[in-house]
Each structure stands twice: as structure tokens, then as C-alpha cells.
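Since the structure comes first, as C-alpha cells, the remarks are kept for the end.
The values are calculated or read from the model by the stated rules, or taken from the named source; none is laboratory data. Worth saying up front: this structure is predicted, and the values here are computed from it rather than measured. Ideal geometry is used to build each Cβ from the backbone, glycine not excepted, and the neighbour counts take in all protein chains shown.
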Amino acid sequence: MGYFAFFLLLTAACLLWSAACTAAAARSNRRRALWLFLGLALPVLALLPWLLASGYLAFDARMRPNWFGPVVISALIGGVWISRAGMTAVTSSAVAVASRWPVIGLFAFAILAKAVSFGTLLILDNAVAAEARAMRVEAAAMMQAALPPAPVDAENAARLHLQAGAAIAAAPDLTAADGPLDDPQFDIANPAVGDLLSRHAALVDTIRRAADMPGCRFARDWARPSIEMLLPEMQAMRTEARILALAARRGSFEGRPAEAVADAVRLGSLGRQAGSEPILVSSLVGLAIDGEALSVVADVLPRLGPGDAALLDDPGLRDLVGAVPSIVRAVNGEEAFGLAVFADFADGREDVHAFGRLSSDATPTFDKGHPLAFLADPLMAIYRVFFLPADLAGYRDRFRKLRSTAARSVDQRQGWPEMKRDIDAIDTDPRRGPDGALARLLVPATEAVFRAQSHAVARHRAAEVLLAATRERLAAGTLPAAIESLVPARLPSVPRDPFTSDSPMRAAFEAGELSVWSVGPNGTDDGGPVAAGNAPPERGDDIGLRMRAAAAAAR
């Protein structure tokens, strides 16, 4: 009702102004044209910035249209009709009809209607701002629920990760483009690997001690999330993971299998620590580190001999292979983060420039000197009052469905085809309008997020098979020729391919390697995974692990 009253009053103000100017023109002989021009032009010119701003939001930003266009059209057409009717002469005399209209009264009513419409706009704006306070309380509660329990200071790995990050930043050889950390085909037997690890032995020890900690919580005020919140530790933790993976592979090569397995387990712990932050970027980094840990396991297992069989029963290794990281906590935290950002826009803490900080495209920031800089204030006022409520409603609806899909992905019983249908249904629901400007910036790339989760499931199921195959090799002296031969002695059943509805994981023993894989998102068996860095552009998207039959350690 408030929106209808605002636009009705705004239209009335424009028409009353045209009528007042027409009455003034009828009483003036010398400035008649000027008064008629002012009666038609001023309402349109006054509304033009608001019309342009609302048009930008409605069309360029693909948000729902509002009534500023109809108001301007009504003001223009109504003004022309009033001017023509008012300037028509009375039949019995040459005096125009509008000369009998009360000029001062019409101007007064026009100003009053304008003032009341402005007051209505303020009331609507204050109502949105009042909702911002409730959104902040809701966002804080959701974020606190998404956070894992805070570790005590003595068991918090954050301090050690900060030390490791500082050491990495001070060591250019660790991030060299042609170094062993960034080259997946770098020969682990190369003496340069041993030299690098020797030079940074203190750093490796710091990373290991951090990964051995039971928890990690960086000093961030998650009760007040905002778009200014940065996560600089994530990139450093990715580098820590590469260093630890290099140490694990080198230790395995040099004949230290227990140390190599322990470092692989630490990699899994490092991934959980990175993914413990209640936001999707952290969760995705955690999944990437978890995938690196499983890749290290696949490289270490062939170097285990009969005397190392007990290492396969290590609880940490079983947990690493058997426990798939979940994105549910991060999805809930991501929604809370978005609500806090909506609250900042709702009460004016963020302006139009925040759209540019949230977006990586060429969204205008309307700085001084920008040709559309004059639209900055009307743009935010119109967005806040007329678009934000619908934008927020769409954002909530999208995340309600994402939470449901994420919850079903946790039990791993739903295959990718079913999950993909759920995701597509969210995007194509005819009852849901187009996402608003802010929701499009805050809602994650849904399919990519859930695809990353399914990738993790596929890698873990492949690792389960490799672990069982290694048990068979250590007991029987050779790897099995088929997964089915591991059932039921080594595996309860053949793991299901998460990218299918009911098909098992694929496996092949060729050229001295055992490969276990999923068909990937395209649903087509492309022949299995290839070694890192070897995939040609036309290679398919199979997801899995490769393990050599056996490898002798350096002595």
C-alpha cells in the first residue's frame, strides 16, 4: 500500500504542478510560453535521474521494473492534456479556462503532494533500514551455528599457520613458477627436492605441528561478517599443502613410509582446518587440499612393503580415506554472510561502490568523473526501497533450496544426475523471478560448488579401492585384476560411482598401474584419469586416482 501511495502522490504532484503553471500562463501574456514549458518540463526533468536509475536496475541489471516509467509518462501526457484544456478559451469570452484556476492553491497542493510523497519514501526507506537490524541478528546467529567449536589457544593451529605464511612470503624459491611446488611432473627423485626441503626444514616442521593441532580458528569477527572481510590465509595454506605433499612424497621415495603416511594424514587435517571457516571459498580450498592428500596416498601406497602393512590400519589414514568433507556448514555460513551484506545495503552502510567491490565485471562504480555519477544517490535510494526487498526474498528462496540439496549430498546416496536435476530445478523454477543485482553477486555458482563436492566423493571412493587393493598386494604379492575380487574380503561392496545413479566405479590395471575412476559430470567413460599435467585439451572429465603396482624406495 505504501508503494502505491508514493507513486499516486508523485503523479498527483506532477499534474498539480502542470495545472499551476498552466494557470500562471493563462494570466500572463509575455511569459506564457515559459510557464507552459516549465509546467511540462520540470516534472519530467525532476524525475529523469530516478527514471534512468530505475531503468538501469530494471533492464541492464535485469531487475524487476517499477512504476517510475508510468509516472513520467502520466506526467507528460497529463501535463499536455492539462495545458491544452486549460488554455482553451471560454466560449463566451476570449479568456482561457485556466485563468480561473487558483494559481497559488495549485502550487501549494503540488508542493504538499511532493512533500507527502517524499515523506512516504522516507517511511518506506526507514522500514527497510529497520529490517536490516533484524537481518544482522539473524546472520550472526546463523554464522555462530555454522562455526565449529572454538579450540583453546594451546590447541589452535592459527598461530602456526600465520608463522608458516610469513615464512612462505619471505621465500621466493617456494613459489617459483618452475619449482617443484607448481610443477605436477617434477621428478621427486631430483636432488633439488631434497635441497628445497632441507633449506626449509623449520617451515616443514611448523606446518606439521599446525596440522597436528585439533582445530584452527583465525581471529575474525564472524558475528559481524561483511564484504570487507578477507581470507588471506587461504592462499598460504594452499602453499603449505603443496610443501607437505612434497615432503610426504620425498619421504616415501627415501624409504620413510611411516613418515610419508603421517604427512598424508596431516594433509587431510590441513584440509579440514582450511575448510572449517564457515564460507564456501574456505570449503573449496579445503576440498582441494583433501584431494591433494588422497593423491599423495595413491603415490605412497606402492612403496609400502609387507613390513609396512600395519600402516594401513592407522586410524588417521582410515579417517582420511573414509570421511568426505561436507559443504553443508559452508552453505549455511555463506547464506549468513549474504544476509549481513544485504543488511549493509538496507541501512545505507554500503553504497553503489560496493557493487563494484563484490563484482569482478565492469559494473559501474559511479566515481567522480564517471558520466553517470549523478545517478549514484538515486540509484541506491531506488534499489534500497523498491528492489532490495524482492532481491532479498529471491536470495532467501535460493538458499533454502541450496541447503536442502546440500543436506542430501552429505549422505552420498544421491547421484550427480539427481543432484543436477535439483540444481536445474532451482534455476528454472517458473515461480521464481530473475535474481536481483545483489543476489546474483552473492549466490555462489551452484553447479560448480556441488560438482566439487561430488568430485571429492569420487576421489574418496577411489582411495577406498586403492587401500583395499594395497592390502591384497601386501597379502598376495600382486594387485587384483578387478575390483570385484576384493569383495567381500577387502571391500564390503564395489563403491558406487557418484556421477551415476547406480553404476559402480570403474577400474583398470594397465601398464603396471591400477586406475579407479568415476565417469565425471559428463556421464561418459573417457578411459580414466590421467597423470597431473598430462591431460590434453580434448580429454574427458573422469575423476579418480592412479596407483602404480609397486615401487622401490631409495635407500
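Just checking, which of THR239, THR206 is over 30 Å from VAL137 (Cβ atoms) and modelled with pLDDT of 95 or more?
On inspection, the qualifying residue turns out to be THR206.
Pairs linking a residue in region 486-498 that is within 29 Å of MET419 (Cα to Cα) to a residue that is surrounded by 11 or more Cβ atoms within 10 Å (Cβ to Cβ) and among the aromatic types (Phe, Trp, Tyr), with Cβ atoms under 9 Å and 6 or more positions apart or on different chains, are ASP497/TRP416; ASP497/TRP517; PRO498/TRP416. Evaluation of ARG133 against the conditions (1) touching an Asp or Glu at 6+ places or on another chain (Cβ under 9 Å); (2) assigned to a loop (DSSP other than H, G, I, E, B) shows that the sole unmet condition is (2). Only a single item in (1) surrounded by 13 or more Cβ atoms within 10 Å (Cβ to Cβ); (2) closer than 30 Å to LEU267 by Cα is not met by ALA110, and it is number (2). SER326 satisfies every condition listed in (1) part of a helix (DSSP H, G or I); (2) surrounded by fewer than 21 Cβ atoms within 10 Å (Cβ to Cβ); (3) of a type in the set (S, T, N, Q) except (1).
A quick yes/no check of all residues on (1) surrounded by fewer than 18 Cβ atoms within 10 Å (Cβ to Cβ); (2) in the same structural domain as ALA309 (by TED's automatic domain parsing); (3) closer than 21 Å to ARG303 by Cβ:
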| position | (1), (2), (3) |
| --- | --- |
| VAL465 | no, no, yes |
| THR478 | yes, no, yes |
| ILE483 | no, no, no |
| PRO488 | yes, no, no |
| ARG496 | no, no, no |
| SER501 | yes, no, no |
| ARG506 | no, no, no |
| LEU514 | no, no, yes |
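Candidates ASP290, ASP308, ASP299: the one that is within 27 Å of ALA406 (Cα to Cα) and either more than 28 Å from the chain's Cα centre (by Cα) or part of a helix (DSSP H, G or I) (or both) is ASP290. Based on this model, can you work out whether ALA75 counts as among the small types (Gly, Ala, Ser), modelled with pLDDT of 80 or more, surrounded by 14 or more Cβ atoms within 10 Å (Cβ to Cβ) and more than 30 Å from LEU392 (Cα to Cα)? Considered against the rule, which asks whether it is among the small types (Gly, Ala, Ser), modelled with pLDDT of 80 or more, surrounded by 14 or more Cβ atoms within 10 Å (Cβ to Cβ) and more than 30 Å from LEU392 (Cα to Cα), ALA75 comes out as yes.
To keep it simple, each residue is scored yes or no on (1) touching a His at 6+ places or on another chain (Cβ under 9 Å); (2) at pLDDT below 90.
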{"residue": "LEU162", "(1), (2)": "no, no"}
{"residue": "GLY165", "(1), (2)": "no, no"}
{"residue": "ALA176", "(1), (2)": "no, yes"}
{"residue": "GLN185", "(1), (2)": "no, yes"}
{"residue": "VAL193", "(1), (2)": "no, yes"}
{"residue": "ALA210", "(1), (2)": "yes, no"}
{"residue": "CYS216", "(1), (2)": "yes, no"}
{"residue": "ASP221", "(1), (2)": "no, yes"}
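Among the residues of region 119-136, those identified as of a type outside the set (A, V, I, L, M) and free of Cβ contacts under 8 Å to residues at least 60 places away in the same chain are GLY119, ASN126. Whether any residue in region 252-262 is in contact with a Pro (Cβ under 8 Å, 6 or more places away or on another chain) and either acidic (Asp, Glu) or at negative phi (or both) is what I want to check. No, the conditions are met nowhere in region 252-262.
Residue under question is PRO149, and the condition is that it be closer than 19 Å to ARG272 by Cα, surrounded by fewer than 14 Cβ atoms within 10 Å (Cβ to Cβ) and either in contact (Cβ under 8 Å) with a residue 40 or more places away in the chain or not assigned by TED's automatic domain parsing to the domain that holds LEU10 (or both); does it hold? Against the criterion (closer than 19 Å to ARG272 by Cα, surrounded by fewer than 14 Cβ atoms within 10 Å (Cβ to Cβ) and either in contact (Cβ under 8 Å) with a residue 40 or more places away in the chain or not assigned by TED's automatic domain parsing to the domain that holds LEU10 (or both)), PRO149 qualifies.
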